[in-house]
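Comments concern the structure below.
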Amino acid sequence: MKHTTNIFLHNLEICMAIKNRILKSLSAAENNNKNLLFTEALNNLNVAQNLCQTGLTAENYKPYEEIYDGLVLAVKNLINVGNVPELINLFNELLTYLKNLTQNEQNFKREIVFLPVQAAMWDSLESVWKEASEDPEHIITYVIPLPYVNLIFDKKQNTYVPDKWHWEKDKFPSYVPCIFFNDIDLKEMQPDVIFINNPYDDRNHITRVDNRFYSSMLKECTDRLIYIPYFIVKEPVTEEEMEDVVLQPGVLNSDLVITQSESVREHYINILSKGKPDCKSMWEKRIIALGSPKIDKIASLKREDYELPKKWQGIIKDKKVILYITSFIPQITNADKMLQKMRYVFNVFKKRKDVALWWRPHPLLKQSIKSKRPDLEKGYLKLEKEYIKENIGVYDDTGELERAICYSDAYYGDSSSVLTLYKYTEKPIMIENFNVLDE
């Protein structure tokens with residue numbers, strides 16, 4: 001996904017969020033001055049000046065500096081000496097000039113907010129964020145990991161209820177500057193663009209984000225809500241297989257949806273306009289095939305870009321590394337054989353001296369077992385604990401999927417979106433067969 005900033009910003013008629021907030025603060029200062037609330041006027045001026053300085057390059061800010069300094073000096077004098085008509089007139093003249101100058105300014109930086117949920121799914125947004133953050137003269141980026149809650153099925157209430165909240169800021173790569181989700185009011189900020197990778201709102205029965213960050217709410221907070229799926233669709237795929245992926249709130253509420261290929265884009269358009277032929281042209285504009293950042297990430301993998309914990313280094317040494325992926329849908333589908341299969345796999349690799357296992361359970365696997373098959377939870381946790389304690393292999397629950405792909409020599413495990421990504425490495429792949437349980 002190259003040159004996305006041109007596509008999403010420079011070539012689209014979108015609002016300039018910083019300009020709007022500056023004008024709002026200047027108008028507030030003007031009203032404060034009319035009502036002789038000079039201290040409040042000073043506060044609003046300071047907000048506007050800070051925004052202006054942040055939103056422009058040093059060169060573009062120069063014409064504004066003296067005007068703001070003159071306004072601040074005038075209002076400070078008004079605070080000290082009271083209602084002086086000459087000072088009030090000077091303030092009003094400078095403020096009117098400043099508002100007109102700001103209104104006509106075309107060089108304010110755009111603000112782009114990225115709202116990932118789990119760190120393991122950050123790769124679906126990372127290449128877009130990197131490109132945007134490498135253009136500081138035109139763009140300010142914010143990465144705000146969202147809080148999410150695990151859900152469990154309550155038999156008494158016959159519904160899914162919240163279990164435990166999580167916030168994964170510390171699991172994101174160290175080079176990604178994450179912001180606490182309560183530190184920014186998106187409704188007040190009204191950023192130019194918001195990117196999301198979670199389309200479900202209240203329709204996910206495993207995890208759920210805080211309802212403040214549902215796509216239905218976010219669409220009111222920005223001029224451009226853009227959805228990029230956190231997963232890769234295994235192609236070829238039918239429209240019937242795609243329906244559950246497409247008919248989600250995040251897709252319906254977004255101004256743009258980015259798909260991994262033209263064929264997937266066509267499925268989106270056909271599904272969304274099914275029975276509504278008049279809507280087809282609208283979806284053709286809103287669904288764009290630009291590829292996936294997840295694939296961008298795979299194409300640029302280098303081992304030297306990733307550090308391994310010393311414990312992992314000791315496990316891997318000079319061995320061949322097999323990436324073992326256990327995804328929640330295949331595992332839950334084969335739940336009766338799941339634990340037996342995992343133990344069989346661990347026992348096989350436990351005996352090998354030339355090969356190391358690198359196990360990455362899906363981020364939602366543990367919660368899926370708890371929610372869908374609570375009878376297996378104790379056995380799964382016991383098996384997981386044994387695997388880690390006995391150093392059978394690497395246990396990787398970090399957000400850095402690409403590191404695992406990069407260090408591994410082959411893939412083994414479930415058919416999943418990771419497998420689709422792994423194909424781009426051209427390394428060997430073997431799908432797990434749950435019916436093979438004997439050595």
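Put a dot 7 Å past each Cα toward the Cβ at N100 and N35; how far apart are the dots in nm?
The two pseudo-label positions are separated by 2.7 nm.
Please compare each pair in K311/K378; K34/K76; K341/K385; K169/K302 to a cut-off of 20 Å on the Cα-Cα distance and tell me which ones are over it.
The pairs that break the limit, which is 20 Å between Cα atoms, are K311/K378; K169/K302.
For the stretch 104-249, what does the alpha-carbon gyration tensor say about shape, rounded, prolate or oblate, given a ≥ b ≥ c as the root eigenvalues, a/c under 1.5 as rounded, and a/b over b/c as prolate?
Numbers: a/c = 1.82, a/b = 1.51, b/c = 1.21.
In terms of gyration-tensor shape, prolate.
Where nothing but the Cβ of Lys and Arg (+1) and of Asp and Glu (-1) is charged, how large is the charge dipole of the chain around its Cα centre, in debye to the nearest 20?
In total the dipole reaches around 1660 debye.
Restrict the search to the stretch 172-250; then list the trypsin sites (Lys or Arg not before Pro) that DSSP places in a loop and that have at most 14 other Cβ atoms within 10 Å of their Cβ.
Those satisfying the criteria are R203, K234.
With runs of 4+ DSSP H residues as the only contributors, calculate the mean residue ellipticity of the chain at 222 nm using -39,500 (n - 2.57) per run, divided by the residue total and rounded to the nearest 500.
Rounded to the nearest 500, the figure is -13500 deg cm²/dmol.
Placing +1 at every Lys and Arg Cβ and -1 at every Asp and Glu Cβ, with all other atoms neutral, what dipole size does the stretch 17-104 have around its Cα centre, in debye to the nearest 20?
So the magnitude is around 300 debye.
When the Karplus curve 6.51 cos²θ - 1.76 cosθ + 1.60 is applied with θ = phi - 60°, which whole-Hz ³J(HN,Hα) does each residue of the stretch 369-380 get, with x for Gly and Pro?
5, 4, 7, 8, 9, x, 5, 9, 4, 4, x, 5
Quick check: pseudo-label points 7 Å beyond the Cα along Cα→Cβ at Q53 and L308, how many nm apart are they?
Taking the simple label geometry, Q53 and L308 are separated by 4.8 nm.
Going by how many other beta carbons lie within 10 Å of each one, how would you line up F108, F114, fewest first?
So the ranking, lowest neighbour count to highest, is F108, F114.
Express as a percent, rounded to the nearest 5, the fraction of DSSP beta bridges in the chain (both residues included) that run antiparallel.
Rounded to the nearest five, the antiparallel share is 20 percent.
On a C-alpha basis, how far is the centre of the stretch 331-364 from the centre of the stretch 244-323 in Å? Whole number, if you could?
Rounded to whole Å, the Cα centres lie 26 Å apart.
Say a paramagnetic label sat at a point 7 Å from the Cα of K319, along Cα to Cβ; which residues of the stretch 356-400 have their backbone N under 18 Å from it?
Answer for this model: 356-361, 384-397.
Of V245, V128, how do they rank once you tally other Cβ atoms within 10 Å and put the fewest first?
Result, fewest neighbours first: V245, V128.
For K294, go through the aspartates and glutamates and keep the ones whose alpha-carbon is under 13 Å away, minus same-chain ones fewer than eight residues off.
Answer for K294, where 13 Å is the Cα cut-off: D123, E126, E400, E402, listed by chain and number.
Residues with beta-carbon under 15 Å from that of K320, excluding K320: net charge, scoring Lys, Arg +1 and Asp, Glu -1?
+4
Looking at this model, which pairs from K320/K389; K130/K276; K353/K382; K370/K427 are more than 31 angstrom apart at the alpha-carbon? Can you show the working numbers first?
Details: K320/K389 21 Å; K130/K276 38 Å; K353/K382 24 Å; K370/K427 33 Å.
Too far apart for the 31 Å limit: K130/K276; K370/K427.
Using only the alpha-carbon atoms, how far is helix 85-104 inclined from the longest principal axis of the chain? Give it as 0 to 90 degrees, nearest 10.
Computed tilt is about 40 degrees.
Let's see if you can work this out: charge +1 on each Lys and Arg Cβ, -1 on each Asp and Glu Cβ, no other charges. What is the dipole magnitude of the stretch 110-297 about its Cα centre, in debye to the nearest 20?
Here the stretch 110-297 has a charge dipole of around 500 debye.
Quick note: the coordinates plus some simple rules give every number you see, no bench work behind them. Source: prediction; values computed, not measured. Cβ sites come from the backbone with ideal geometry, for glycine too, and all protein chains shown count toward neighbours.
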